[in-house]
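Peer 1: Got a structure for you, written out below as structure tokens; questions coming shortly.
The values are calculated or read from the model by the stated rules, or taken from the named source; none is laboratory data. What you see is a predicted model; the values in this text were computed from it and never measured. Methodologically, a virtual Cβ is constructed for each residue, glycine included, from the backbone with ideal geometry; neighbour enumeration extends over all protein chains shown. Ligands, DNA and RNA are excluded from the accessible area calculation, which covers all protein heavy atoms including side chains. Shrake-Rupley method; radii C 1.70, N 1.55, O 1.52, S 1.80 Å.
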Amino acid sequence: MTAARSNFDVIVIGAGVVGVACALWAQMRGQSVALVDPAPVGSGASSGNACTLATYACMPVNDPSVFGNLPHYLFSSDSPLALSWVHALRHPMWMVKFLANCRPAKSRQIATELAALLAHADAGLNPLIAAAAAEDLIVANGQLTVWRSEKAARADRAGLAFRRGQGVLFEEISGAEAHAMEPALAFRPACGVYYPTARHIRDPLTLTQRFHKAFTDLGGHTVVEKVTRLTDEGAAVRVHLDQADLVAARVVLAAGAFSARIKGGGAEHLPLQTERGYHLLFKSLGHYATRPVGWVEGGFYTAPMAQGLRLAGTVELAAMDAPENQSRLDYIARKGAELWGDLPPPDATWMGRRPTLPDALPVIGHSPTSPRIIHAFGHQHLGLTLAGVTGRIVADLLEGRQPNLPLDSFSPARSFV
Ligand SMILES: Cc1cc2nc3c(=O)[nH]c(=O)nc-3n(C[C@H](O)[C@H](O)[C@H](O)COP(=O)(O)OP(=O)(O)OC[C@H]3O[C@@H](n4cnc5c(N)ncnc54)[C@H](O)[C@@H]3O)c2cc1C
């Protein structure tokens, strides 16, 4: 067995936005924290997302409409959701659970639980933004969602009413009003919804890096190595690395979509998969949008950001290690041209892995196999938004404090259907 370093209270595995938020919250609360990741800080899913702090986005992908649209998802290259046959056949139970969570009552229950967590999102994130002096990266200019067709808008009406019932603030506006807010849109939408209190991030990678700098400035330690497995040794947990292992009284597993690959901490038993998403970046078109614009039928966001205009989103249920799928990038390019008019070739493209459980809820809580290991992963489409509140909850659990919201729905011991 390799020699071990054991001078930390807590080891956080994974330096995406969720892991860094956990590490920073814990370090701010006076714990001595080591953050372990073989890759550069924030370079996973946390770097290429759609930049939105989507506190309004409580409706999960698990929606009853999935049943009617399944053939489209399987056979059409013109769909915002793509499903690989091979992947579905390799993970039939995950697919069954995912579909079971699309039943109307289940879908609404998930939305209620997400809304309850999202209600704490800003309170969890704002202290980190202040600690990292990252206010310059935050834009408070609302978010606009548009529907191109009346038919699609009608189908979402009940969902909007549900959102309102959950306390989400928004204004229903006409297509002309939506167009006036974003005049560069190439078509006049049928209608829109404006979320006036929504914020977005100029550059999510830089935000995670700033959080990491604040963590380091407070004395946090970073280890650039891959965790191979965990062993609960009774009084402490051993984090196995290629070089010298690390040992600490508490470990937080926050390796995003890769969390279930790290064996020994209980995550290997959880139905964690990935929803892959894509983005295209157009450096010279940052002026096209004044705020994030979500196009419902297209299934992606347009975000004006530090590097230009980012078209990001769509869902691909496919293997973690499958190569990037050019047809998904082509889809966004095609739909992007419908939304904004002719587009030049993108300056950059990207694929990222959203960590997703079949019930679209994150896992935040003690591992069923060890009271010394805390799970913090599975934030699907909302990891940027929910990183702060997740970090705060984890810091509470590390201190043995009761978090200020119920955690049963997010427990790793739940049934996932
Ligand atoms: C196209 C797209 C658009 C999105 N838009 C939004 C949005 O607008 N708003 C929003 O809130 N969310 C959005 N998301 C979701 C959000 O990006 C993710 O939920 C979030 O980034 C997940 O963060 P994470 O820290 O859990 O994972 P990651 O950022 O993937 O980080 C995981 C880290 O774990 C590390 N790791 C893996 N294996 C090991 C190991 N063995 N040992 C040590 N470390 C390891 C990896 O190197 C990585 O750095 C979007 C996602 C996509 C793909």
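Peer 1: Whether any residue in region 305-312 is in contact (Cβ under 8 Å) with a residue 24 or more places away in the chain, polar (S, T, N, Q) and surrounded by fewer than 22 Cβ atoms within 10 Å (Cβ to Cβ) is what I want to check.
Peer 2: yes
Peer 1: Evaluate region 16-34: report whether one residue or more is within 9 Å of the ligand (Cβ to nearest atom) and open to solvent by 40 Å² or more (accessible area, probe 1.4 Å).
Peer 2: The answer is no, given that none of the residues of region 16-34 is within 9 Å of the ligand (Cβ to nearest atom) and open to solvent by 40 Å² or more (accessible area, probe 1.4 Å).
Peer 1: Would you tally the residues in region 176-219 being without any contact (Cβ under 8 Å) to a residue 24 or more places away in the chain and either surrounded by 22 or more Cβ atoms within 10 Å (Cβ to Cβ) or not charged (D, E, K, R) (or both)?
Peer 2: 5
Peer 1: Whether any residue in region 208-229 is more than 23 Å from Ala387 (Cα to Cα) and either in contact with a Pro (Cβ under 9 Å, 6 or more places away or on another chain) or not hydrophobic (A, V, I, L, M, F, W, C) (or both) is what I want to check.
Peer 2: yes
Peer 1: While we're on this one: Name the one entry in Ser84, Ser79 that is at pLDDT below 95, crowded, with 16+ Cβ neighbours inside 10 Å and either of a type in the set (Asp, Glu) or farther than 24 Å from Ala155 by Cβ (or both).
Peer 2: Ser84
Peer 1: How about region 331-350: which of its residues are open to solvent by less than 30 Å² (accessible area, probe 1.4 Å), among the aliphatic types (A, V, I, L, M) and under 22 Å from the mean Cα position of the chain (by Cα)?
Peer 2: Across region 331-350, the qualifying residue is only Ile332.
Peer 1: Related question: If I ask for residues that are hydrophobic (A, V, I, L, M, F, W, C), under 12 Å from Leu117 (Cβ atoms) and within 9 Å of the chain's Cα centre (by Cα), which ones from region 351-386 would you list?
Peer 2: Matches in region 351-386: Leu382, Leu386.
Peer 1: Shifting gears a bit: Could you list, in sequence order, the residues of region 268-292 that are part of a loop (DSSP other than H, G, I, E, B) and among the charged types (D, E, K, R)?
Peer 2: Arg291
Peer 1: Among the residues that make up region 308-316, is at least one of them at negative phi, within 14 Å of the ligand (Cβ to nearest atom), in a loop (DSSP other than H, G, I, E, B) and in the same structural domain as Pro183 (by TED's automatic domain parsing)?
Peer 2: Within region 308-316, not a single residue is at negative phi, within 14 Å of the ligand (Cβ to nearest atom), in a loop (DSSP other than H, G, I, E, B) and in the same structural domain as Pro183 (by TED's automatic domain parsing).
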